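What follows is a short report on a single structure.
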Amino acid sequence: SLLALVLILSKCLHDRPKLAYFLSEAGMTIIIGFIAGSIVYWVAPPEDRAVEEEIEDDVDDADDEDLEKNIFDGLLTFSPKIFFLAMLPPIIFNSGYHLKMELFFRHFKPINLFACLGTCISTVVV
């Protein structure tokens, strides 16, 4: 749902050039991420809350608390697998789709120089 919100607001940003002059798409995404992260941070139960003694008869309430904690843990953790397999390919595709071919071919030599040189440096250093 957060991705859908960013896509909708991105479309609105592209439709209004005056707004796009003051706020870039990346800036808007960062602001939305900050707001969503703040909401999750303030709604999620704190990690260092005092451990209360559980009454054995009240097992259902303990299960509800564990379920709530697992939900918030799921919201606050992010798997790199999800990023590389599900989110990165559309980002790369979108960048390639909106690439201006004239500028790409005009700057083809510096792009290849940085790519090859950066790969060699990374290979030697790492």
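Where a number appears in this text, it was derived from the coordinates with a stated rule and is not lab data. Everything quoted here is computed from the prediction, not taken from an experiment.
Values computed for the structure shown
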| item | result |
| --- | --- |
| Residue-by-residue Karplus 3J(HN,Hα) for segment 25-40, coefficients 6.51, -1.76, 1.60, Hz, glycine and proline x | 5, 5, x, 5, 5, 5, 5, 5, x, 5, 5, 5, x, 5, 4, 5 |
| For segment 76-119, the fraction of alpha-carbon pairs in successive 5 Å shells from zero, as % | 5, 17, 14, 18, 20, 14, 8, 4, 1 |
| Table column - 3J(HN,Hα) (Hz), segment 87-102, Karplus curve with 6.51, -1.76, 1.60, x for Gly and Pro | 9, 5, x, x, 5, 5, 4, 4, 5, x, 5, 8, 6, 8, 4, 4 |
